[in-house]
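Student: Below is the structure I would like to discuss, written out as structure tokens.
The values are calculated or read from the model by the stated rules, or taken from the named source; none is laboratory data. In this text the structure is predicted, and so the values were computed from the model without any measurement. Here the Cβ is made from the backbone with ideal geometry for all residues, glycine too, and neighbour counts use every protein chain on show. The protein model used for the area step is the full one, side chains on, heavy atoms only, and it has no ligands, DNA or RNA in it. Shrake-Rupley method; radii C 1.70, N 1.55, O 1.52, S 1.80 Å.
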Amino acid sequence: MTVSTGRVVIITGGSRGLGAGIVQSYLDSGDRVATCARSSTDEIERWTNDPATAGRFLFRAVDLSNREQVDAFVKDVTDEWDVVDILVNNAGVARDGILALTPDDDVDTVIDLNLKGTLHISKLVSRRMLSRGSGHIISISSIVGLSGYRGLAVYSATKAAMDGMTRALARELGSRGIFVNSVAPGYLRTEMSHGLDEGQLDQIVRRTPAGRLGEPADIARIVQFLTSPDNTYITGQTIVADGGLTA
Amino acid sequence: MGSPRSQAEETIKRFLSRANKDADVTAETSLFADGVGLDSLEIAELSSMLEDDLGDDPFSVGIMATTVGDILDYYSAEEQPSA
């Protein structure tokens, strides 16, 4: 096993899109990164097999809504690296559709993963952080949790709840050196744009003062700052990163 | 390495020192206001440290220990050989 002195970072949902961008960012900064997702991807295989990252990258196929699987994942990380310095709650699922027509199972799927899964892994990791008296928890929420979006009522509700969890946990854990923040991305070139056609994307870009969609690296840089030693006073906040769309 | 009970006792004293509490406790000492005066967050910290050091802890399995002895008894029970 390659010995690394980097921080230990858990990123949920790091197999693709924004999550993969955040994983890459922490690997680039020399940290030890554990991520989970339902299944592996080419990027996961690359990090697992690349000699530059293999010894400081851990992947487990985990359904975040399954508590036993999440328990085992966090245990594997602490068995391997003893501690958790940073948790990035990124995993999420969306089911779009008018609420009045949304099947109950879809409501459960989104809430079980986005909200209950996030609460559960935050509970487990905050215990490890409490034991050491330090740590950072970042949750990736969304501007739709702030502004809403037609057809995404359940998803928006879970993202707003993540921001609420962030504020409450910051108050709960702040006296123990644990910082808790969330980042609310706008429309990224990856996941949030998957259900939008070219016309809708063009309209979003026209309404965005920055004049473009966001990239995973835009968000990863904010997460890196919030979890760096340079952040000595920001906690309990939701940082909106949307190119000015909701300004 | 000592028994789980003695390890737990060491963990409790280490936690109390870290929390700037009186670590001179007995089994009868209350964890709350009429004893060492732990609040709910401090109980969570103690619970986490016990889990880190011993693999599990009474609070996480729903046992609401109120004295130092309640915690120690939890680990003593684990030492009993099964029938």
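Student: In 5 Å bins starting at zero, report the fraction of Cα pairs in the range A:1-99 per bin as a rounded %.
Tutor: 3, 14, 26, 26, 18, 7, 3, 2, 1, 0, 0
Student: Can you show me the helix-derived [θ] at 222 nm for chain B, built from DSSP H runs with n ≥ 4 at -39,500 (n - 2.57) apiece and divided by the number of residues, rounded to the nearest 500.
Tutor: Details: 3 runs with 42 residues, N = 83.
The helix contribution divided over chain B gives -16500 deg cm²/dmol.
Student: Just the Kirkwood number for the range A:170-243, please: inverse of mean 1/r across all distinct Cα pairs, in Å, one decimal.
Tutor: Working: mean 1/r = 0.0722 Å⁻¹.
After inverting the pairwise mean of 1/r, the radius is 13.8 Å.
Student: Kirkwood Rh over alpha-carbon pairs of chain A, then Stokes-Einstein at 25 °C and 0.890 mPa s: what D in µm² s⁻¹, rounded to an integer? Let's see the in-between values first.
Tutor: Values: Rh = 18.2 Å.
Estimated via Stokes-Einstein, D reaches 135 µm²/s.
Student: Taking Cα pairs under 8 Å and at least six residues apart, what relative contact order does chain A come out at, in percent? Could the numbers behind the result be given before it?
Tutor: Numbers: 456 pairs, mean separation 46.2, N = 247.
Value for chain A: 19 percent.
Student: Once amide H atoms are built 1.01 Å from N in the peptide plane, which residues 5 or more positions from residue A:184, or in another chain, come under 5 Å H to H?
Tutor: A:141, A:239, A:240, A:241
Student: Ignoring ligands, DNA and RNA, what percent of the 1.4 Å accessible area of the protein assembly as shown is carbon and sulfur?
Tutor: Details: 7860 of 15710 Å².
On the protein assembly as shown, the fraction of accessible area on carbon and sulfur atoms equals 50 percent.
Student: Which residue, chosen from B:68, B:19, B:50, occupies the Cα position most advanced towards the positive end of the dipole of the range B:2-83, where the dipole is computed from +1 (Lys, Arg) and -1 (Asp, Glu) charges on Cβ about the Cα centre?
Tutor: B:19
Student: Over all directions, average the projected area of the Cα convex hull of the range A:94-165 and note it in nm². Kindly include the intermediate steps, with their values, before the conclusion.
Tutor: Details: hull surface 19.4 nm².
For the Cα atoms of the range A:94-165, the hull's average projected area reads 4.9 nm².
Student: Can I ask one more? Can you tell me the orientation of helix B:68-79 relative to chain B, as the angle in degrees between its alpha-carbon axis and the longest Cα principal axis, to the nearest 10?
Tutor: On a 0 to 90 degree scale, this one is about 10.
Student: I'm a student and want to see the number: the projected area of the Cα convex hull of the range A:72-205, averaged over all directions, in nm².
Tutor: On the way: hull surface 37.0 nm².
About 9.2 nm², averaged over all directions.
Student: Estimate for me the total accessible surface buried between chains A and B (protein heavy atoms, probe 1.4 Å, no ligands or nucleic acids), in Å² to the nearest 100.
Tutor: Roughly 800 Å² of accessible surface disappears when A and B pair.
Student: Do you know the Lys pair count in the protein assembly as shown for C-alpha distances under 23 Å, with sequence separation 8 or more or different chains? Intermediate results must be reported in sequence, preceding the final value.
Tutor: On the way: A:75/A:116; A:75/A:123; A:116/A:159; A:123/A:159; B:13/B:21.
Going through the protein assembly as shown pair by pair, I get 5.
Student: Scan around residue B:29 for amide H atoms under 5 Å from its own, H built in the peptide plane at 1.01 Å from N, and keep only partners 5 or more places away or cross-chain.
Tutor: B:68, B:69
Student: Related question: Inside 10 Å of the C-beta atoms of A:117-127, what's the mean count of C-beta atoms belonging to other chains?
Tutor: On the way: counts 0, 0, 0, 0, 0, 0, 1, 0, 0, 2, 9.
Across the residues of A:117-127, the mean count of other-chain Cβ atoms within 10 Å is 1.
Student: Something else about it: Using protein chains only and a probe of 1.4 angstrom, how many square angstrom of residue B:13 are accessible, to the nearest 10?
Tutor: Counting only protein heavy atoms, residue B:13 exposes about 80 Å² to solvent.
Student: Ok, one more. When only Cα pairs under 8 Å and 6 or more residues apart are kept, what is the percent relative contact order across the range B:4-79?
Tutor: 41 percent
Student: Sticking with this one: Evaluate the distance, in nm, between pseudo-label points positioned 7 Å from the Cα of residue A:107 and of residue A:61 along their respective Cα→Cβ axes.
Tutor: 3.2 nm
Student: Just to be sure I understand the interface: list residues from the range B:27-73 that lose 20 Å² or more of accessible area between the chain on its own and the complete protein assembly, 1.4 Å probe.
Tutor: B:41, B:45, B:48, B:51, B:52
Student: Can you list the HN-Hα couplings for the range A:24-30, worked out from phi with the Karplus curve (6.51, -1.76, 1.60; θ = phi - 60°), rounded to whole Hz and with x for Gly and Pro?
Tutor: Listing the rounded values in order: 4, 4, 6, 5, 5, 8, x Hz.
Student: While we're here: List, in order, the whole-Hz ³J(HN,Hα) value for each residue of the range A:96-106 obtained from phi through the Karplus relation with A = 6.51, B = -1.76, C = 1.60 and θ = phi - 60°; use x for Gly and Pro.
Tutor: For the range A:96-106, the Karplus curve yields 8, x, 5, 4, 4, 10, 7, x, 4, 4, 5 Hz.
Student: If I fit a long axis through the Cα atoms of helix A:198-207 and take the longest principal axis of the Cα atoms of chain A, what angle between them do I get, 0 to 90°, rounded to 10?
Tutor: 80 degrees
Student: Roughly how compact is the range B:4-79, stated as its Cα Rg over 2.2 N^0.38 Å to two decimals?
Tutor: Values: Rg = 10.9 Å, N = 76, 2.2 N^0.38 = 11.4 Å.
Rounded to two decimals, the normalised Rg is 0.96.
Student: What accessible area per residue comes out for the range A:188-247, rounded to a whole number of Å², with a 1.4 Å probe? List each step's numbers first, then the result.
Tutor: Values: 3580 Å² over 60 residues.
Counting only protein heavy atoms, the per-residue value for the range A:188-247 is 60 Å².
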